[in-house]
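Trainee: A single structure is presented below for examination.
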Amino acid sequence: MRFRPLFLLAAVNILSFAAPEFSQARENVRFDEYSAGTIVIKTSERRLYYVMGGGRAIRYPVGVGRAGKAWAGTSFISRKVLRPDWSPPAEVKRDKPRMPDVIRGGTGANPMGVAAMTLGVSEYAIHGTNAPGSVGGFVSYGCIRMYNHDILDLFERVHVGTSVVVK
């Protein structure tokens, strides 16, 4: 009995310092805007919606393009890759010239996380991240960042050719 208050205090402390990913969990929400199977990214909300149909969608928190790097338009999933290697685009190399030409998939330094889905013929992708604190912010060069567990969930739901709308 003497140790119980200490245990409860420790439990409260652990819960109060939970990782940000637990406060921004994916949700099943009402969504009537697009047809089933479409991915909709609302940049201003920093949310990605996978439209399930029947007026429902799964809403995921995401990181989006920072000021001057964000974009809007329509595209499609052109490729799906688990543990992708990453080569920084020219703009990233220009800003960070010491960055290696290739960062192998599965390493902690790889900004793509556990999976990526490329968009059309661009250098943009919807991908995981090894920096979970960046999800929910305006942080990228235009890619859409997701928690690794969320990109794996979405990866299983979509196929090459899935429509993507970025607003």
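Trainee: Rank the residues Thr129, Thr43, Thr107 as a footprinting-exposure proxy: fewest other Cβ atoms within 10 Å of their Cβ go first.
Mentor: Least crowded to most crowded, the residues run Thr107, Thr43, Thr129.
Trainee: Report ³J(HN,Hα) in whole Hz for each residue of the stretch 36-52, in order, from the Karplus equation J = 6.51 cos²θ - 1.76 cosθ + 1.60 where θ = phi - 60°; Gly and Pro get x.
Mentor: Each residue of the stretch 36-52 in turn: 4, x, 8, 9, 10, 10, 9, 4, 5, 7, 6, 9, 10, 10, 9, 6, 8 Hz.
Trainee: Here is a further query. First check a/c for the stretch 20-166, with a ≥ b ≥ c the square roots of the eigenvalues of its C-alpha gyration tensor; if it is under 1.5, answer rounded, and if not, answer prolate when a/b is larger than b/c or oblate otherwise.
Mentor: prolate
Trainee: Which order results if Ser134, Ser35 are arranged by neighbouring Cβ count within 10 Å, fewest first?
Mentor: Values: Ser134 17, Ser35 8.
The order, fewest Cβ neighbours first, is Ser35, Ser134.
Trainee: So how tilted is helix 4-16 from the main axis of the chain? Cα-based, degrees 0 to 90, rounded to 10.
Mentor: 20 degrees
Computed from the coordinates by the stated procedures, all read-outs in this text should not be read as laboratory data. As the structure is a prediction and not an experimental result, all values here were calculated from the model. Glycine gets a Cβ as well: all are built from the backbone with ideal geometry, and neighbour counts include every protein chain shown.
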